[in-house]
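Structure first, then comments.
Computed from the coordinates by the stated procedures, all read-outs in this text should not be read as laboratory data. Treat the numbers as computed from the prediction; the structure is a model and nothing was measured. Note that we place each Cβ from the backbone using ideal geometry, even for glycine, and neighbour counts take in every protein chain shown.
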Amino acid sequence: MGAAWALEMISANVAVLPGDGIGPDVTAEALKCLQAIEDLAGSKLFRFEELSVGAGEFLQSGDPLPEATFERIRQFDAILLGAMGLPDVRWPDGTEMTPQIDLREKLDLYCGLRPVKLYAAEDSPLRIAPGAPLIDALLIRENCEGLFFSRHQKADLMAPEARDTMRISRTSSERLFRDAFTHARKRRGKVTLVDKANVLPSMAYFRHIFDEIAAEFPDIKTERNYVDAAALYLVQRPERFDVVVTENMFGDILSDLLAGLIGGMGMAPSADIGPKHAVFQPSHGTAPDIAGKGIANPVATILSAAMMLEWLDMSEYAARVNQAVELVLAEPANRTRDMGGNLSTTQMGDTIAARIRTQ
C-alpha cells in the first residue's frame, strides 16, 4: 500500500541524459535543485531515469542514440539533457555526432526557446548605464528545418563543389510564429522577425507567412530585421528586443551572441518543445577541456530545469527556481570562474538549492 501511494504522488517521469564532457557535471546540479523542490513540496514529485546517449555511448555501442534508448525516451513526460558530442568523435565525413539534434527531429521539437536574462550589469561585456533596462529577451528558433535540413546529406570531400538546401515549410512556419506571438502575450507584447528576405526567396516566403500570422494577433507589436542588422542591433540596443523569432541557422548563431551579452553560455538555458515531447538543456556544448574539474557553470542547466517545471505545469515551483537563481546572483561573490568568480560547480548548485529551500 505504501509503495503504491508513493507512486501516485509522483507528478512526472523525467528521462535524464547527462551526455558528454561537462554534461554530467551540470546535470547533477540541476537534479540537486529539483530535489530541493521536492523537499519544499514535502513529497516525491519526480521519477528520474538516467539513459546513455552521446559520443560516449557511441564509443561503447557504436550508436550515439540507440533505437531502444530512443523508444524508451519517448515514454517520459520530459527530458533533461546535459550536453552531447565530443570534438574528436566524428562521423567519417568529418561532422560531429549530434544526437540532441536527432532528438529534435525524431520528436518534432520544432520550437526552440532560448531565453536570455542579464541579472547584473557587471556580467555583460556591454557598457550598461546605471539604471538602464537590463537584457531580457526570448529567442525562438525553428528547430527542424531551415538550413539544417541538409545536415543528413553526406559531404563528398573530393567533389568540385558542395551545396546545402534551406527548407522553409508553411506548416512549420505557421506553428512557430503562432507560438512566438503566444509567448509575446505573456511577456512585453512585441515580436521581431529575423530573416534575409531582401536576398533569399526562402526568407521572403518566411516573412510572408509571418505577416499572415501577425494579422491574427493585432494586439502584438511587430518589427522585421534582416539578420545582419539584427546582429548589430542586438549588440547596440539589446534592451529593445522582447521575442525574437527566426530560422534554424540564424537562431543557432544569434542565441550564442545573446548568451555572450549576459555573461556567457553558462547562463543560457533552452527548451526544445514539440506537440507531445520536450527536451530541456543548457545552450552550451560539452567543453571537454574542463570536464570533471568542477569549474563549469551550472546555472544554464538549472534554469533549463525551471523551464521543464513550466512545461510540466508546475509554474509555482518553476518560479521558486528562477527566484532562487536571481537572489543568488544578486550577490556579486556568487559567480563561477567563467564569470570572474571562485565558486565551483557544486558550490553554485548547493547555493541555489539552499536558496530554493529557504526563500
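For the residue pairs Lys221/Lys276; Lys44/Lys186; Lys32/Lys293; Lys117/Lys190; Lys106/Lys154; Lys106/Lys276, the C-alpha atoms sit more than 23 angstrom apart in Lys221/Lys276; Lys44/Lys186.
Diffusion of segment 1-137 by Stokes-Einstein, at 37 °C in a medium of 0.692 mPa s and with Rh set to the Kirkwood radius over alpha-carbon pairs, works out to 185 µm²/s.
Pairs of alpha-carbon atoms within less than 8 angstrom and 6+ residues apart define the contacts here; what relative contact order does segment 105-254 have, in percent? Could you put the intermediate results ahead of the total?
Numbers: 237 pairs, mean separation 46.3, N = 150.
After rounding, I find 31 percent.
Convex hull volume of the Cα atoms of segment 270-314, normalised per residue: 73 Å³.
Direction-averaged projected area, Cα convex hull, segment 288-350: 4.6 nm², rounded to one decimal. For Ser270, nonlocal amide neighbours, meaning residues 5 or more places apart or on other chains whose placed amide H falls under 5 Å from its own, are Gln281, Ser283, Ser304. In terms of its C-alpha gyration tensor, segment 237-326 comes out rounded, because the ratio a/c of the largest to the smallest axis stays below 1.5.
All other residues whose Cβ lies under 13 angstrom from that of Val14 are scored, Lys and Arg at +1 and Asp and Glu at -1, for a net of -1. Convert 10 °C to kelvin, take the viscosity as 1.306 mPa s, use the Kirkwood radius over C-alpha pairs of the chain as Rh, and evaluate the Stokes-Einstein diffusion coefficient in µm²/s, rounded to a whole number. Rounded to a whole number, D works out at 75 µm²/s.
Each peptide in 287-300, 106-119, 41-54, 157-170 was scored by the mean count of other Cβ atoms within 10 Å over its residues; highest first, the order is 106-119, 287-300, 41-54, 157-170. Counting Cα-Cα pairs of segment 171-227 in 10 Å increments starting at 0 gives whole-percent bin shares of 24, 56, 19, 1.
Could you tell me whether segment 87-222 comes out rounded, prolate or oblate from its Cα gyration tensor? Rule is a ≥ b ≥ c as square roots of the eigenvalues, rounded for a/c under 1.5, then prolate if a/b exceeds b/c, otherwise oblate. Oblate, since a/c reaches 1.5 and b/c is not below a/b. Couplings 3J(HN,Hα) of segment 38-54, computed from phi: 4, 4, 5, 6, x, 7, 7, 9, 10, 10, 9, 9, 8, 10, 8, 9, x Hz, in residue order, whole Hz [Karplus 6.51 cos²θ - 1.76 cosθ + 1.60, θ = phi - 60°; x for Gly and Pro].
Across the chain, Cα pairs under 8 Å and at least six residues apart give a relative contact order of 22 percent. Among DSSP beta bridges lying fully in the chain, give the percent that are antiparallel, nearest 5. So the antiparallel bridges amount to about 40 percent of the total. Just so you know, the Rg over Rh for segment 32-110 is 1.06, from Cα atoms, with Rh as the Kirkwood radius. Springs between Cα atoms under 10 Å define the GNM used for the chain, and in it the highest mean-square fluctuation of Thr171, Thr345, Thr98 occurs at Thr171.
Once the convex hull of all Cα atoms in segment 95-168 is built, its volume per residue stands at 166 Å³. Could you check which residue among Thr222, Thr69, Thr301 shows the biggest mean-square fluctuation in a GNM of the chain with a 10 Å Cα cutoff? Comparing Thr222, Thr69, Thr301 in a Gaussian network model of the chain, the most mobile one is Thr69. Measure out, as a whole number of angstrom, how far apart the alpha-carbon centroids of segment 245-283 and segment 286-324 sit. What the calculation gives is 13 Å, centre to centre.
The equivalent ellipsoid of segment 176-273 has semi-axes of 21, 17, 13 Å, largest first, where each one is the square root of 5 times an eigenvalue of the Cα gyration tensor. From the square roots a ≥ b ≥ c of the eigenvalues of the alpha-carbon gyration tensor of segment 199-254, which class results: rounded (a/c under 1.5), prolate (a/b over b/c), or oblate? Oblate shape, in that a/c is at least 1.5 and b/c is the bigger or equal ratio. Residue ranges 175-182, 191-198, 227-234 sort as 191-198, 175-182, 227-234 when ordered by packing (mean number of other C-beta atoms within 10 Å per residue, highest first).
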